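The values are calculated or read from the model by the stated rules, or taken from the named source; none is laboratory data. Just so we're clear, the structure is a prediction, and the values are computed from it rather than from any experiment. Cβ placement follows ideal geometry from the backbone for every residue including glycine, while neighbour counts extend to all protein chains displayed.
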Amino acid sequence: MSAESTEGRPWRGLSPQERRDARRRRLLDAALELFGTKGYAATSLTALCAAGGVSPRHFYELYPGREQLIADLYDELCEHMRVLIAEAQGAAPLTAVDRVVSGLRVAIDFQTADPRRARVLQLEVVGVSSWLEAHRHDVIASFGRGTDEQYRLLVADGQVVDEPFEQVAIALVGALNELVIGWLLAEPRPPRETLVPIAEEVFVTVFQGREVARR
């Protein structure tokens, strides 16, 4: 029986949707490996299909091209990191500094524990297309809003802080990204544990400096 004749029925115990999901997972895993080591520009669709064990026909059933694949991989990595950050912050003491520092540690560890993640998030997704650039900036802004939310946990005279901070928060996220990029490109790379104190110093100095200025 040909593969084509089984597209609409169970095959080897898997439904059509399960087979599509499995192909998508294999392609995402292949994209992390190839984009995260060889780079987006150096990775062909043929190489992705071979690494993922997926035919070109099945690739195009899932994605119109490599751009959407790297976009999906980027979003998946960001969402995974976002969940881990939220969990860490939720377990931290209810102060802006404690919660932001706990989030920084997770964000840095998530990326540097597997440099392929850092390369996709910080380098390979950049400049792929104008659409993906706009999307990337939206994602960075969303992380900035998360930092802004933690800043607003600061309390003065029993009142939650209510002042513009979102643009500063986006700038802080950008600084963190550049710190990771510097680590990624360094030869040799410094111990990844050295990044956390630097990021903490930048974020905490800004937070505490604004708190002092408000008094």
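Points worth noting:
- Of all residue pairs spaced 6 or more apart or on separate chains, those with beta-carbon atoms under 7 Å, a first member in the range 25-36 that is at pLDDT 95 or above and a second member that is among the aromatic types (Phe, Trp, Tyr) are Leu27/Phe59.
- As a summary of the residue check, Arg57 satisfies the conditions (1) basic (Lys, Arg); (2) surrounded by 12 or more Cβ atoms within 10 Å (Cβ to Cβ); (3) modelled with pLDDT of 95 or more except for the one numbered (2).
- Looking across the range 127-158, just one residue is of a type in the set (A, V, I, L, M), exposed (fewer than 13 other Cβ atoms within 10 Å of the Cβ) and at pLDDT 95 or above, and that is Ala134.
- Scanning the range 92-109 for residues that are touching a residue at least 24 places away in the same chain (Cβ under 8 Å), assigned to a helix (DSSP H, G or I) and not acidic (Asp, Glu) returns Ala96, Val97, Arg99, Val100, Val101, Gly103, Leu104, Arg105, Val106, Ala107, Ile108.
- Selection from the range 72-94 of residues that are hydrophobic (A, V, I, L, M, F, W, C) and either surrounded by 13 or more Cβ atoms within 10 Å (Cβ to Cβ) or in contact with a helix residue (DSSP H, G or I) (Cβ under 6 Å, 6 or more places away or on another chain) (or both): Leu73, Leu77, Cys78, Met81, Leu84, Ile85, Ala86, Ala88, Ala92
- Check on Val97, out of contact with any Leu (no Cβ under 8 Å at 6 or more places or on another chain), buried (at least 19 other Cβ atoms within 10 Å of the Cβ) and either β-branched (Val, Ile, Thr) or under 20 Å from Ala30 (Cβ atoms) (or both): yes
- Check on Val173, under 18 Å from Leu73 (Cα atoms) and either touching a residue at least 12 places away in the same chain (Cβ under 8 Å) or touching an Asp or Glu at 6+ places or on another chain (Cβ under 6 Å) (or both): no
- Yes/no for Leu48 being under 24 Å from His135 (Cβ atoms), surrounded by 14 or more Cβ atoms within 10 Å (Cβ to Cβ) and not assigned by TED's automatic domain parsing to the domain that holds Asp148: yes
- Members of the range 37-76 found to be touching an Asp or Glu at 6+ places or on another chain (Cβ under 8 Å) and either part of a helix (DSSP H, G or I) or of a type in the set (Asp, Glu) (or both), listed by number: Ala51, Gly52, Ile70
- Residues satisfying the stated conditions in the range 197-211, i.e. free of Cβ contacts under 8 Å to residues at least 60 places away in the same chain, more than 15 Å from Gly144 (Cα to Cα) and within 24 Å of the chain's Cα centre (by Cα): Pro197, Ile198, Glu201
- Selection count, the range 60-71, where residues are surrounded by fewer than 13 Cβ atoms within 10 Å (Cβ to Cβ) and under 20 Å from Gln111 (Cβ atoms): 0
- Condition met for Glu79 (outside the structural domain of Ala31 (by TED's automatic domain parsing), in a helix (DSSP H, G or I) and more than 16 Å from Ala169 (Cα to Cα)): yes
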